[in-house]
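Below is one structure, written out as structure tokens; the observations come after it.
The values are calculated or read from the model by the stated rules, or taken from the named source; none is laboratory data. Note that the structure is predicted; figures quoted are calculated from it, not measured. Here Cβ is always computed from backbone atoms with ideal geometry, including for glycine, and neighbour counts include all displayed protein chains. Accessible surface areas use protein heavy atoms only, side chains included; no ligands, DNA or RNA. Shrake-Rupley method; radii C 1.70, N 1.55, O 1.52, S 1.80 Å.
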Amino acid sequence: MNLELLTTLRQQNPIVFNVANFVTVQDVANGLNALGASPIMSAEVAEAESLVTIAGAVCLNLGTLTTRQIAQMQTVGRIANQQATPIVFDPVAVGAVPYRLQVAQDLLADFQVTVIRGNAGEIAALAGVDWQAKGIDAGTGGGDLIAIAKACAQKYHCVVVLSGPTDVITDGIRVTQVHNGTELFQLHVGSGDLLSSLVAAFAAIESTDSYTAAGVAAVVLAGTGELVADQLTAERPGTFAVGLIDKLHLVTEKELAQIAKYDE
Ligand SMILES: Nc1ncnc2c1ncn2[C@@H]1O[C@H](COP(=O)(O)OP(=O)(O)O)[C@@H](O)[C@H]1O
Ligand SMILES: Cc1ncsc1CCOP(=O)(O)O
Ligand SMILES: [Mg+2]
């Protein structure tokens, strides 16, 4: 696990272009900024080419999609492919809403994404595996999460991050599991959206492959959340969210290396 990428990210301060949802947009912008990336959000298709051109990576989030936003994502995705800019795709709630699943499948057929980041319910839906997703949450299912993540990666020819109590990162062959985290992430809406954008931030680092970027992003977010939770005396989701932004700014490679728990 190349945690030195955290220092590189802070040195390079890459621009991450987000087509965000309207629920968590500010958390995502502040999380990226606190860590050391440079966020920019846009809802306007006319500036798609300019924004892809200045960005090191793009993050497309389906959380509050509209017909206009789907058209914007198509344009952004196609331009990013032309410019070889990494695309991270967050298929919010595709396991719970058939319309969203169809939109996600259409977008994934339209351009090539670099990383798909979703919870078990979302990745299972894309992989075509039976699962009971619950709204934006993972829900319940009985399948093998590694097999589901691999099937999704092979189907869409990309890296997949299946997040949850253990984050599974795979390119369809290799598998990394990250065991860090805290249940407090589930009490703060937007944790997954932030992870998707942090994956984009690490993928934006020059000469970094997307599998490595995804693994480091998972350790950085889950590990930082764990460090914050360890300092709390009770379950305080509001305090956790504020503490997470502060700690994303302050956390060091050394602190993360001491607590990182992963198998590769
Ligand atoms: N029960 C849990 N224990 C530890 N970490 C968790 C838990 N649930 C989620 N996380 C962490 O929360 C972050 C967001 O993941 P997740 O909750 O799966 O996304 P989403 O918000 O899209 O459903 C990830 O960093 C993941 O490791
Ligand atoms: C509540 C909600 N509704 C539509 S998008 C969204 C936020 C989803 O955030 P996350 O997937 O990171 O929990
Ligand atoms: Mg989500």
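In summary, residue 153 fulfils each of the numbered conditions (1) within 16 Å of ligand 2 (Cβ to nearest atom); (2) surrounded by 16 or more Cβ atoms within 10 Å (Cβ to Cβ) with the single exception of condition (1).
So is residue 80 at pLDDT 95 or above and away from ligand 3 (no atom under 16 Å from the Cβ) or not? Judged against the criteria, residue 80 is a match. The conditions of being within 16 Å of ligand 3 (Cβ to nearest atom) and surrounded by fewer than 18 Cβ atoms within 10 Å (Cβ to Cβ) are not met by residue 231.
Residues in the stretch 1-35 that are open to solvent by less than 60 Å² (accessible area, probe 1.4 Å) and without any contact (Cβ under 8 Å) to a residue 40 or more places away in the chain: 25, 29. The number of residues in the stretch 101-130 that are without any contact (Cβ under 8 Å) to a residue 40 or more places away in the chain and within 16 Å of ligand 2 (Cβ to nearest atom) comes to 7.
The single residue among 198, 162, 145 that is within 12 Å of ligand 3 (Cβ to nearest atom) and surrounded by 16 or more Cβ atoms within 10 Å (Cβ to Cβ) turns out to be 162.
Inside the stretch 201-215, residues that are within 18 Å of residue 173 (Cα to Cα) and either out of contact with any helix residue (DSSP H, G or I) (no Cβ under 9 Å at 6 or more places or on another chain) or open to solvent by less than 20 Å² (accessible area, probe 1.4 Å) (or both) make up a count of 4.
Being more than 25 Å from residue 49 (Cβ to Cβ), within 16 Å of ligand 3 (Cβ to nearest atom), at pLDDT 95 or above and surrounded by 18 or more Cβ atoms within 10 Å (Cβ to Cβ) is not true of residue 133. Scan the stretch 57-87 for residues that are assigned to a helix (DSSP H, G or I) and open to solvent by 40 Å² or more (accessible area, probe 1.4 Å) and the total you get is 8.
Counting just the residues of the stretch 88-117 that are within 12 Å of ligand 1 (Cβ to nearest atom) and more than 17 Å from residue 77 (Cβ to Cβ), which one comes out surrounded by the most Cβ atoms within 10 Å (Cβ to Cβ)? Step by step, filter the stretch 88-117, then rank; the result is 95.
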